[in-house]
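J.: I have a structure here, written as structure tokens, and I will follow up with some questions on it.
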Amino acid sequence: MGLTKTLLFLVFCCQRYILLLGYCSMDGEGQQISLLDGVEDRFGGIVVNLMEVESMTVEDFDAKLDNSLKAWKDQGKKGIWIKLPRELSSLVDTAIKKGFTYHHAENEYVMLTSWLPEPPCTLPCNASHRIGIGAFVLNKNGEMLVVQENSGYLRDNNVWKVPTGTIKEGESIWAGAVREVKEETDIDAEFVEVLAFMESHQAVWQRKTDIFFVCELEPSTFEIKKQDSEIYAAKWMPVEEYVNQPFHNKEGNKMFKLIANICLKRSRDKYTGFVLTTDSPKKSLYCSVDHANLLNETADQASTSL
């Protein structure tokens, strides 16, 4: 049986080599043109990573891409991904002219994609959401931490707001809230729960959706040292005073008013949100306070407690 498997494997390798060899053409000087080095993904596509390629001329890339596309089509491949470092940005135009489109870009690379079969294309879209946080930090005197920023719409209207910010890549919501409060006010605080979250469509570049999480934090220090680069002023303010700012009652500011009222109800212990039940390096789970101990229950207990 072992010999049979070995022979079958060798036959498979030979067939694959012959197939690839058939896609290698000759240039004008008789030199063999190879395929781009790609790896098959789990969805019947090919990923070409050129991040480690030191150099490649436009002519060489053009010839290899032509050869590769023919081979991939004949092999029934679907989505093609090409990751180009910024050092090889001169190759982008060649790929675009052969049907590739931009998928996304980072500081160090641009990702291009092409769908080889007939539509519809099932490649996943670029990131569609941005995650933001607002931090409701309440001290034992019934005062909440508020700031005014150096610029922006709210600053122009003399409005006090909760510390806010954007979650970084690979950062948990709770950790981002703690970090933003520390950065803007130098207040140390611990995450308590997620009070609510809001969606705003076409809010980022008139295209992406912004999801804004309102988080409650409990402070362990109370002396404010504002971040001069972003924060114009910061202080502790009675919750009622924050809620009753005229800005919250203006037409078009309904969401600000609702968030302010949630903070007020939470300060009076008349509102519960979602606590952090598990947190690992890659995943966090938030759930209702009433069911925070689900992980410790058996299947039968969990089904009856919901």
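Quick note: the coordinates plus some simple rules give every number you see, no bench work behind them. The shown structure was predicted, so the numbers you read here are calculated from the model rather than taken from an experiment. No Cβ is skipped: glycine too gets one built from the backbone with ideal geometry, and neighbour counts run over all protein chains shown.
J.: Measuring from centroid to centroid over Cα atoms, what is the spacing of segment 196-234 and segment 67-93 in Å?
T.: Each part's Cα centre sits 40 Å from the other's.
J.: Counting pairwise Cα distances across segment 176-273, what percent come out greater than 18 angstrom?
T.: Of the Cα pairs, 59 percent sit more than 18 Å apart.
J.: Give, to the nearest whole percent, the P(r) tail of segment 47-126 beyond 17 angstrom, counting all Cα pairs.
T.: 43 percent
J.: Among the GluC sites (Glu not before Pro) within segment 31-112, which fall in a DSSP loop and have no more than 12 other Cβ atoms within 10 Å of their own Cβ?
T.: Those satisfying the criteria are 52, 54, 106, 108.
J.: Rounded, prolate or oblate, given the Cα gyration tensor of segment 152-205, with a/c below 1.5 counting as rounded?
T.: Oblate shape, in that a/c is at least 1.5 and b/c is the bigger or equal ratio.
J.: Oh, and also: Given H placed on each backbone N at 1.01 Å, which residues far from residue 130 in sequence or on other chains put an amide H within less than 5 Å of it?
T.: Those qualifying (amide H under 5 Å, at least 5 residues apart or on another chain) are 209, 210, 211.
J.: Excluding residue 224 itself, what net charge comes from residues whose Cβ is under 10 Å from its Cβ, given Lys and Arg +1 and Asp and Glu -1?
T.: Combined, the nearby Lys, Arg, Asp and Glu give 0.
J.: If packing is taken as the average count of other Cβ atoms within 10 Å, what order do 137-144, 250-257 fall into, highest mean first?
T.: 137-144, 250-257
J.: May I ask for the net charge around residue 258, where only other residues with Cβ less than 14 Å from the Cβ of residue 258 are counted and Lys, Arg are +1 while Asp, Glu are -1?
T.: Taking every Cβ under 14 Å from that of residue 258, the sum is +4.
J.: Could you compute the net charge surrounding residue 203? Neighbours are other residues with a C-beta less than 14 Å from the C-beta of residue 203; K and R count +1, D and E count -1.
T.: Spelling it out: positives minus negatives among the neighbours equals +1.
J.: Hey, rough spin-label estimate for residue 229 and residue 51, points 7 angstrom out along Cα→Cβ, what's it come to in nanometres?
T.: The two pseudo-label positions are separated by 2.6 nm.
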